[in-house]
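The values are calculated or read from the model by the stated rules, or taken from the named source; none is laboratory data. Owing to the predicted nature of the structure, the values given are computational and were not obtained by experimental measurement.
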């Protein structure tokens, strides 16, 4: 099976800023927060927090 593209997690976090993972999961339809974390780690190779820190800078 082909690896999914990174566009969905990036789209999910675009503008999310400090939005909790459970809200991102509900907004994007990925499923549970745990499924969102797994999907981002699989596709992007980082956790949602690491992605935010990289994209938005550390708090």
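The set of residues in segment 23-46 that are part of a loop (DSSP other than H, G, I, E, B), at pLDDT 90 or above and under 10 Å from the mean Cα position of the chain (by Cα) contains only 46. Quick check on residue 12: is it over 10 Å from the mean Cα position of the chain (by Cα) and either modelled with pLDDT under 75 or at negative phi (or both)? Taking the combined requirement at face value, the residue does not satisfy it.
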